[in-house]
1. Considering only residues that are in contact with a Pro (Cβ under 9 Å, 6 or more places away or on another chain) and assigned to a strand (DSSP E or B), look in the range 139-178 and name the one that is surrounded by the most Cβ atoms within 10 Å (Cβ to Cβ).
2. Do we find a residue being more than 17 Å from residue 5 (Cα to Cα) and either outside the structural domain of residue 97 (by TED's automatic domain parsing) or surrounded by fewer than 24 Cβ atoms within 10 Å (Cβ to Cβ) (or both) anywhere in the range 185-195?
3. Within the group 286, 237, 276, 256, which residue is assigned to a loop (DSSP other than H, G, I, E, B) and among the small types (Gly, Ala, Ser)?
4. What pairs come out if I take residues in the range 61-80 that are at pLDDT 95 or above and pair them with residues that are small (Gly, Ala, Ser) and assigned to a helix (DSSP H, G or I) whose C-beta lies under 8 Å away, six or more apart or interchain?
5. Among the residues of the range 86-108, is any assigned by TED's automatic domain parsing to the domain that holds residue 169, within 17 Å of residue 9 (Cα to Cα), surrounded by fewer than 21 Cβ atoms within 10 Å (Cβ to Cβ) and not hydrophobic (A, V, I, L, M, F, W, C)?
6. Quick one: which of 251, 201 is farther than 25 Å from residue 150 by Cα, aliphatic (A, V, I, L, M) and in the same structural domain as residue 92 (by TED's automatic domain parsing)?
7. Output the residue which, of all residues in the range 416-444 that are surrounded by 14 or more Cβ atoms within 10 Å (Cβ to Cβ) and assigned to a strand (DSSP E or B), is farthest from the chain's Cα centre (by Cα).
8. Restricting to the range 272-308, what's the tally of residues that are in contact with a helix residue (DSSP H, G or I) (Cβ under 6 Å, 6 or more places away or on another chain) and within 23 Å of residue 25 (Cα to Cα)?
Amino acid sequence: MATLTLFQLNDVHGYLNLHQELFYGPQGPEYRPCGGYARIATLLRQWREAYPTHLLFDGGDTFHGTRPVVDTKGEILVPILNELGIAGMTAHWDFAYGPAHLRRLVNQLNYPLLAANVYDKLSGELVYPAYHVYETAGLRVGVIGLACPIVDKTMPPHFSEGIRFTDGTRELPRHVAQLRATERVDLVVLLSHCGFPQDVALLEAHPGVDVCLSSHTHNRLYEPFRVGETLVIQSGAHGSFVGRLTLTVEAGRVTAHEHELREVTGDLVPDAALQAQIDAALIPYAHLREAVGVTTTSLHRGTSVECPMDDFLLESLRARVPADLYFSNGWRYGAPVPSGTVRLEDLYNIVPMDPEIELVQLTGAELRHMLEANLESTYSGQPLHQMGGYVKRALGLKVYFKAENPKGSRLQTVYVQGQPLAPARTYTAAFITAQGVPPRFGRERRKTGHHAVAAMRAYLEQHRPLAIGNHETFQVV
């Protein structure tokens with residue numbers, strides 16, 4: 001009999017320091033400060049003392065999400081991550097600066113990136129190791145990595161230059177068998193950034209995994225989810241939580257477990273040395289603390305159909321660029337902004353890339369096709385067809401839809417600027433990033449010279465205090 005503890009970080013999205021986090025209370029959204037790598041380090045030190053045989057894994061969405069991280073293309077994080085004792089990671093937004101740059105980042109880390117489903121397009125070879133075997137607590141632990149499979153399907157093309165991604169359905173059973181038969185492991189762990197419903201579908205189809213460390217969908221699982229004999233955990237986002245799963249293993253089987261999802265609370269004393277390192281790294285970004293406005297509306301992305309954070313973003317685009325319609329992506333990441341002072345860093349947390357606002361011409365028929373495609377990618381009854389994120393955020397649009405309907409038949413009624421959608425009419429849409437209006441839709445794309453952060457800042461200056469009403473663009477019927 002042996003005991004092993006797995007620690008999990010996932011979807012930290014570049015939040016180096018304490019920040020606000022959204023919680024769902026009886027009266028609606030609530031907020032309190034959480035997270036930061038120095039506080040995470042303190043919690044990990046406490047846990048390591050209590051659970052001496054352990055492995056820590058990072059599920060990815062690490063090198064992207066806040067302005068200092070995006071501005072340095074993730075470099076600011078490398079020395080910080082190397083202090084945490086991480087055993088391995090996998091990836092998603094980490095490809096944002098291109099595959100070659102991610103390789104450079106990974107080469108500086110003191111732990112591997114695992115991805116059994118990322119291939120070089122020319123050679124067909126794996127770009128990263130599919131798995132790694134760890135020896136600890138008298139156990140051989142085989143850990144298989146799956147990177148997010150949507151990178152080459154819905155993300156900007158430079159994310160996947162020269163590489164391709166699969167959904168893991170062929171790779172997972174092959175590597176489980178190899179770990180069991182050839183590597184003679186006692187425990188198989190799946191480190192996945194596919195998403196919670198996708199992981200459940202994979203595990204149902206391909207048994208043999210003991211533990212799945214799931215990421216991508218920002219679920220806060222307060223107890224493990226069971227798929228047959230597999231325990232699945234996921235630990236929130238933004239570094240606001242760390243997961244712990246303590247396993248009792250006998251003769252290659254998990255016979256008992258104990259799980260904890262721990263909030264990284266503001267009263268945790270940050271690790272002094274790591275906090276000093278973070279503070280020094282952030283000196284060039286002191287200007288992000290500048291107050292740029294006041295809001296009476298709490299801004300968050302914690303709801304899948306409509307959210308006040310993107311309502312504010314889209315109103316800012318409308319105030320800057322004339323169009324019939326406005327689109328942003330259904331992003332999940334972004335620390336909330338409670339009512340009160342808005343700082344420049346809050347605006348960058350909404351869109352850390354600060355993309356340029358673009359315009360495109362769309363026919364009504366194309367618009368309908370795009371909306372159906374987005375609803376399918378969000379609500380597909382086949383989890384492996386879900387492409388991540390929430391429903392597309394929009395302004396100037398009113399959509400009634402049935403989420404449970406099959407692909408291509410969810411839209412019931414669509415209005416643009418209060419008028420029924422006309423299939424043959426051409427509409428002007430303003431958007432940010434290729435995820436707002438994917439490249440396969442529309443024509444006459446052009447840049448406007450205006451950027452998202454400047455648009456939001458100008459809107460705040462013109463609306464003191466900011467009060468954003470719910471647009472209720474998408475209505476489930």
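The values are calculated or read from the model by the stated rules, or taken from the named source; none is laboratory data. Keep in mind that what you see is a predicted model, and the values were worked out from it rather than measured. FYI the Cβ positions are ideal-geometry reconstructions off the backbone, even for glycines, and counts take in every protein chain you see.
1. Among those residues, the one meeting the criterion is 145.
2. Start the filter on the range 185-195 by keeping residues that are more than 17 Å from residue 5 (Cα to Cα), which leaves 192-195.
Subsequent filtering for residues that are either outside the structural domain of residue 97 (by TED's automatic domain parsing) or surrounded by fewer than 24 Cβ atoms within 10 Å (Cβ to Cβ) (or both) retains none.
Checked the range 185-195: no residue is more than 17 Å from residue 5 (Cα to Cα) and either outside the structural domain of residue 97 (by TED's automatic domain parsing) or surrounded by fewer than 24 Cβ atoms within 10 Å (Cβ to Cβ) (or both).
3. Details: 286 fails: assigned to a loop (DSSP other than H, G, I, E, B); 276 fails: assigned to a loop (DSSP other than H, G, I, E, B); 256 fails: assigned to a loop (DSSP other than H, G, I, E, B).
Answer to the selection: 237.
4. Once the first residue is at pLDDT 95 or above and sits in the range 61-80, its partners that are small (Gly, Ala, Ser) and assigned to a helix (DSSP H, G or I) give 68/281; 76/281; 79/281; 80/281.
5. no
6. Values: 201 fails: farther than 25 Å from residue 150 by Cα.
Of 251, 201, the one residue that is farther than 25 Å from residue 150 by Cα, aliphatic (A, V, I, L, M) and in the same structural domain as residue 92 (by TED's automatic domain parsing) is 251.
7. Of everything passing the filter in the range 416-444, 426 is farthest from the chain's Cα centre (by Cα).
8. 4
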